[in-house]
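Before any comments, here is the structure.
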Amino acid sequence: GDYVCYNTTTFEIEQNATACSLSSIRYKENIRALSYGLNEVLKLRPVFYDLKPEYGTAKNQAGFIAEEAEKIIPELVSKDKEGKPNGFDYPKLTAVLVKAIQELFGKLSGLDERVTELEARIKALEAN
């Protein structure tokens with residue numbers, strides 16, 4: 001199914017096949033590189049949890065604890081009226097995960113080059 005999106009700028013309701021977020025460069029300014037990546041992802045503590053009965057019936061939900069995540073990536077944590085951590089913006093975590101994967105790929109590529117170099121050196125030593 002499609003999403004029903006409410007645009008808080010134009011006050012229009014739209015139907016969309018993708019999630020309700022603005023991604024076009026037309027809507028953005030002050031674009032800069034993401035500083036979070038692998039180090040922050042490794043610090044996050046994924047958990048399973050059950051909602052307390054007064055907040056719903058969901059059981060065995062995968063996620064994060066907002067108070068813990070706020071110490072690592074505060075921009076992904078929403079706050080309540082009192083300024084206390086309230087929620088976690090899971091869709092925006094995607095950008096951080098992509099950066100972490102890119103960093104891992106860079107490390108893997110470096111290791112692959114090093115292994116190739118070492119294999120060549122071993123081969124040269126064995127030939128002597």
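The values are calculated or read from the model by the stated rules, or taken from the named source; none is laboratory data. Note that this is a predicted model, so its numbers are computed, not measured. Neighbour counts are summed over all protein chains in view; Cβ atoms, including those assigned to glycine, are modelled from backbone coordinates with ideal geometry. Surface accessibility is based on the protein's heavy atoms, side chains included, excluding ligands, DNA and RNA. Shrake-Rupley method; radii C 1.70, N 1.55, O 1.52, S 1.80 Å.
Taken over the stretch 19-46, the residue count meeting the criterion of being of a type in the set (S, T, Y), modelled with pLDDT under 90 and surrounded by 10 or more Cβ atoms within 10 Å (Cβ to Cβ) is 1.
The sole residue among K71, K92, K43 that is closer than 23 Å to Y3 by Cβ, charged (D, E, K, R) and free of Cβ contacts under 8 Å to residues at least 60 places away in the same chain is K92. Taken over the stretch 8-53, the criterion of being within 29 Å of L104 (Cβ to Cβ) and in contact with a Phe, Trp or Tyr (Cβ under 8 Å, 6 or more places away or on another chain) is satisfied by T18, A19, L44, R45, P46, V47.
Criterion first (outside any loop (DSSP other than H, G, I, E, B), among the β-branched types (V, I, T) and open to solvent by 100 Å² or more (accessible area, probe 1.4 Å)) does I101 satisfy it? When the stated conditions are applied, I101 passes them. So for the stretch 107-128 (the condition being open to solvent by 50 Å² or more (accessible area, probe 1.4 Å), over 30 Å from A33 (Cα atoms) and not in a helix (DSSP H, G or I)), does at least one residue qualify? Scanning the stretch 107-128 turns up at least one residue that is open to solvent by 50 Å² or more (accessible area, probe 1.4 Å), over 30 Å from A33 (Cα atoms) and not in a helix (DSSP H, G or I). Condition check for F88 on (1) on the phi < 0 side of the Ramachandran plot; (2) open to solvent by 60 Å² or more (accessible area, probe 1.4 Å); (3) at pLDDT 95 or above: one failure, at (2).
Does the stretch 57-72 contain at least one residue that is modelled with pLDDT under 95 and among the basic types (K, R)? No, there is no match, as no residue in the stretch 57-72 is modelled with pLDDT under 95 and among the basic types (K, R). Restricting the search to strands (runs of 3 or more DSSP E) fully inside the stretch 1-59 and requiring at least 3 residues that are out of contact with any Cys (no Cβ under 9 Å at 6 or more places or on another chain) gives 47-49.
As for the stretch 61-79, it holds no residue that is at negative phi, out of contact with any helix residue (DSSP H, G or I) (no Cβ under 9 Å at 6 or more places or on another chain), open to solvent by 100 Å² or more (accessible area, probe 1.4 Å) and assigned to a loop (DSSP other than H, G, I, E, B).
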